[in-house]
Structures are given as C-alpha cells and as structure tokens.
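Below: one structure, written as structure tokens.
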Amino acid sequence: MEILIRDTPEAGAKVGASVVRKIIQTKDKPVLGLATGGTPLRMYKVLIRMNQSGELSFRNCTTFNLDEYGGLPPENKRSYHYYMMSNFFDHTDIDKKNVHLPDGYAEDLRETCRKYENLINDAGGIDLQVLGIGANGHIGFNEPTGSFASRTWVKILSKQTIQDNSIYFDKLEEVPRHVVTMGIATIMESRHCLLMANGAKKADAIRKMIEGPVSASCPASILQMHPRVTIVLDEEASYLLTFKDHYKWVEKNKLDWQLY
Ligand code: F6R
C-alpha cells in the first residue's frame with residue numbers, strides 16, 4: 001500500500017487529483033470508478049479547475065460510480081446521480097453518455113446489478129477506482145462482515161452508516177435503507193485504487209484497514225491484498241497509525257517517477 005499523509009484535506013485533494021490526472025494522461029480511453037460523499041468533493045473541485053483551465057480533459061473518459069441509494073430517482077437531490085452531476089460532471093467536458101451510475105430506482109434491481117457488472121467488463125475494467133471509507137470500514141456500501149467475493153448487488157445499510165449519512169437528509173428516517181453497490185470483488189478487480197480519508201472520525205477504520213488483520217469486520221482491509229493502492233490521508237485520519245513515521249520516510253525517499 002502506498003500511504004501519503006498530508007497536513008490538510010486540501011493538500012490531500014491535490015494529491016488525489018494528481019493521481020487521477022496521471023491515469024487520464026497515460027491512457028487513451030481511461031475508465032474511472034468514482035465515489036460520492038463528503039471526502040472526494042475537494043478533489044472534484046481541483047479536477048474541475050484543471051479541466052476548465054485546459055490542463056486536463058475528460059472527453060475520452062468513461063466512469064462508473066460505486067453506488068446509489070435504492071428508491072431515489074436520479075433527479076432527487078439526495079441521489080448520487082444528482083450529486084455527481086451537480087458536483088462534478090456538469091462542470092466538465094465529459095461526454096455524459098459515458099457516465100454510469102447504478103440505477104437504484106429501477107423496478108428490477110437484480111437486473112440492474114447484473115447489467116452494471118457487464119457494462120464494467122465491456123468497458124475493459126476500471127483503471128482507477130476512487131474510494132472513501134466509512135467510519136466502520138466500509139468501501140462502496142459494503143458493510144462489515146459482507147463477503148469479500150461480492151459483486152454489484154443490493155445491500156442493506158448498517159445503522160451506523162444510516163446515522164452518518166443522515167447529515168445529507170432532512171431527517172434520519174429519510175435515509176434509504178437499501179442501496180445498490182459494486183461488490184468487494186468488483187472493486188478489487190480495478191487496476192489501481194485511490195482511497196482518501198480525512199478527520200479523526202476515520203482514524204480507527206484507517207488503522208484497521210492498513211495495519212489490522214485482513215478481515216470482513218473491516219471491509220477496507222481487503223485492500224491489503226490489492227497490488228496497487230494509493231491511500232491519501234490528512235494528519236487527523238492518520239493519527240492512530242503505528243508505522244506513520246515509516247510511511248512518511250518511504251514517501252520522502254521515493255524516486256522521481258514514483259511521485260505525484
Ligand atoms: C460513496 C461511498 C462510501 C463513502 C463513505 C465515506 O460513494 O461509496 O463508501 O465513500 O461512506 O463517506 P464520506 O466521504 O461522506 O465520509
């Protein structure tokens with residue numbers, strides 16, 4: 001795991017954007033896996049600036065989002081469709097026909113899930129998967145104790161995640177209970193993962209993910225088995241790491257081409 005620690009979330013967002021830029025600049029038809037939530041918002045702002053200044057184009061990109069709430073139509077302001085359009089896609093030159101999110105509003109959710117897996121395969125797989133992490137260690141909406149072999153499917157959110165995500169809704173009761181999410185196995189097939197986390201609330205999950213045993217009790221810990229993972233943390237999210245000094249030492253001694 002490549003662990004990059006920065007003083008502030010803003011500095012982390014710039015590193016995250018550089019990782020995305022590098023992938024886009026080295027592939028003819030980059031396929032990006034994207035995340036929602038509070039964490040990637042700063043990075044999307046940096047990417048929008050790069051796009052609007054002419055430094056980076058998303059014209060050749062195809063995207064697949066990790067997840068979507070069940071039962072919310074795309075135009076609902078709390079849906080991840082709405083989030084992605086308003087916080088990112090609408091401000092870039094991306095061709096919207098290459099943008100994909102799971103359809104949590106479909107009548108046949110099982111069919112939606114199968115189709116989503118096929119679409120990812122047809123695109124040639126995901127080059128870079130952007131991830132956040134839940135305070136309970138979830139990635140996508142794969143909650144603790146879910147199978148590491150899972151594919152895109154309908155999942156039920158844990159009470160903790162419903163509580164955590166209720167800040168984006170008017171009332172706790174409005175948070176959907178079910179979601180459609182890429183599975184852990186789907187995420188693990190991407191060629192490179194970029195996980196970002198900020199704040200002390202994430203510190204325990206970060207410690208378990210990086211230094212704990214690989215266990216379905218912390219779904220993100222499976223990333224220890226992925227050959228190419230970049231983790232970008234702010235100081236607060238990294239404060240429980242036993243080997244923090246070592247991670248900083250490693251970064252300081254990297255070769256030029258290994259830096260972002
Ligand atoms: C969102 C997603 C989730 C979030 C996680 C952290 O698409 O897949 O796993 O990344 O819940 O959310 P924030 O960034 O709001 O703390």
With criteria (1) in contact with an Asp or Glu (Cβ under 8 Å, 6 or more places away or on another chain); (2) of a type in the set (Phe, Trp, Tyr); (3) surrounded by 18 or more Cβ atoms within 10 Å (Cβ to Cβ); (4) assigned to a helix (DSSP H, G or I), Tyr82 comes up short on (3)
Report task. State whether the residues of segment 175-186 include one that is of a type outside the set (Phe, Trp, Tyr), within 11 Å of the ligand (Cβ to nearest atom) and on the phi > 0 side of the Ramachandran plot. Result -> no
Of the conditions (1) within 16 Å of the ligand (Cβ to nearest atom); (2) in a loop (DSSP other than H, G, I, E, B); (3) hydrophobic (A, V, I, L, M, F, W, C), the single one that Leu32 does not satisfy is (2)
For Arg114, the lone unmet condition from (1) under 16 Å from Gly33 (Cβ atoms); (2) away from the ligand (no atom under 12 Å from the Cβ); (3) outside any loop (DSSP other than H, G, I, E, B) is (1)
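Listed here are the residues, each with its yes/no results for (1) over 18 Å from Ala237 (Cβ atoms); (2) hydroxyl-bearing (Ser, Thr, Tyr).
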{"site": "Leu131", "(1), (2)": "no, no"}
{"site": "Gly140", "(1), (2)": "yes, no"}
{"site": "Ser147", "(1), (2)": "yes, yes"}
{"site": "Ser166", "(1), (2)": "yes, yes"}
{"site": "Ile184", "(1), (2)": "yes, no"}
{"site": "Leu194", "(1), (2)": "no, no"}
{"site": "Lys202", "(1), (2)": "no, no"}
Taking first residues from segment 89-103 that are on the phi > 0 side of the Ramachandran plot and second residues anywhere that are aromatic (Phe, Trp, Tyr) and modelled with pLDDT of 95 or more, the pairs with Cβ under 9 Å that are 6 or more apart or on different chains are none
Considering residues that are polar (S, T, N, Q), surrounded by 24 or more Cβ atoms within 10 Å (Cβ to Cβ) and more than 9 Å from the ligand (Cβ to nearest atom), the number found within segment 126-155 is 2
Taking segment 185-204 and keeping only residues that are among the charged types (D, E, K, R) and surrounded by fewer than 24 Cβ atoms within 10 Å (Cβ to Cβ), one is left with Glu189, Arg191, Lys201, Asp204
Q) If we scan segment 219-230, do we find a residue that is surrounded by 14 or more Cβ atoms within 10 Å (Cβ to Cβ), within 23 Å of Tyr80 (Cα to Cα) and aliphatic (A, V, I, L, M)? A) yes
Within segment 8-25, can one find any residue that is of a type in the set (Ser, Thr, Tyr), part of a loop (DSSP other than H, G, I, E, B), in contact (Cβ under 8 Å) with a residue 40 or more places away in the chain and more than 30 Å from Glu107 (Cα to Cα)? yes
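The values are calculated or read from the model by the stated rules, or taken from the named source; none is laboratory data. Just so it is clear, the structure is predicted and the values come from calculations on it, not from any experiment. Because the Cβ atoms are built from the backbone with ideal geometry, glycine has one as well, and the counts that use them run over all protein chains shown.
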